[in-house]
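Have a look at the structure below, then the notes.
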Amino acid sequence: MIRNIVFDMGNVLIHWRPDLFLERAGIPEEDRTLLMRELFGSVEWIQMDRGVLPFEDGISAVCRRLPERLWGGVRELTLNWWRDHLLPVEGMAELIRELKQNGYGIYLLSNAKTDLPEYFGNIPGSECFDGRIVSADWKLLKPQPELYQVLLREYGLKAEECFFTDDLNINIEAAVLVGMSGAIFRGAEDLRRALTEAGVSVRLQSAQ
């Protein structure tokens, strides 16, 4: 029986849109492809998510590959991307609150940097979470099975009682490997159907 629902964050709870972040940060269009590659597509970005590279060191490494006019944008996008760019995924706050009201444990398992506590409270539905595991705090990244096992150990959860949703199939596969069930996230209504099929008590919006 499923007792706990575990959520990824990016493109599940909030839209992860680096292209939009660049636009809203006022980065000239001709520089956006370069920043997408050298910042969001960089090894340093992953290392900061893993928690093995301090922000300042990551920023400095990225800036060394870029013209000076973009250094301020790198810093702003690394440290403050979330201040103006937390875009909730439609229907997810309502779903999370319904699951909580129905008695399910609600958990986060996300590849994210150490600054997540600064903005997580701004994500609709965040008040329902019983716990969260963030990659940078454990020097691990999904889909490493060890990170999923941290979640189970830290909160005393049984894998077979957990349902995990993430927008990447490789991360769902890792959850299955440690004994969880799960589904690739393709929107709130699709998730409601997958939860229902797994025996979770939740309404189908289309049936209302």
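Please treat every number below as a calculation from the coordinates, not as lab data. From a predicted model like this one, the values you see are computed outputs, not experimental measurements. Cβ atoms come from the backbone with ideal geometry, glycine included; neighbour counts cover every protein chain shown.
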Inverse of mean 1/r across different Cα pairs in the stretch 18-85, Kirkwood, Å
11.9 Å
Positive-end residue of Pro54, Val178, Thr78, charge dipole of the stretch 38-191 with Cβ unit charges:
Pro54
Ser60, Ser135 arranged by Cβ crowding within 10 Å, fewest neighbours leading:
Ser60, Ser135
Given the options Gly131, Gly187, Gly26, state which has the largest fluctuation in a GNM of the chain using a 10 Å cut-off (strictly under) for Cα springs.
Gly26
Using a Gaussian network model on the chain with a 10 Å cutoff between Cα atoms, which of Ile170, Ile96, Ile46 fluctuates the most?
Ile170
Residues Cys162, Cys63 in order from fewest to most other beta-carbon atoms within 10 Å are Cys63, Cys162
Quick check: Cα centre of the stretch 88-105 to Cα centre of the stretch 135-184, how many Å?
19 Å
Against the longest principal axis of the chain, how steep is helix 188-197, in degrees 0 to 90 to the nearest 10, with axes from Cα atoms?
30 degrees
Folded to 0 to 90 degrees: helix 145-155 orientation relative to the chain principal axis, Cα
60 degrees
How large is the helix-only mean residue ellipticity at 222 nm for the chain, computed as the sum of -39500 (n - 2.57) over DSSP H runs with n ≥ 4, divided by its residue count, in deg cm²/dmol to the nearest 500?
-12500 deg cm²/dmol
Using a Gaussian network model on the chain with a 10 Å cutoff between Cα atoms, which of Pro143, Pro117, Pro88 fluctuates the most?
Pro117
Jot down the radius of gyration and Dmax of the stretch 105-200, Cα atoms only, both in angstrom.
13.0, 35
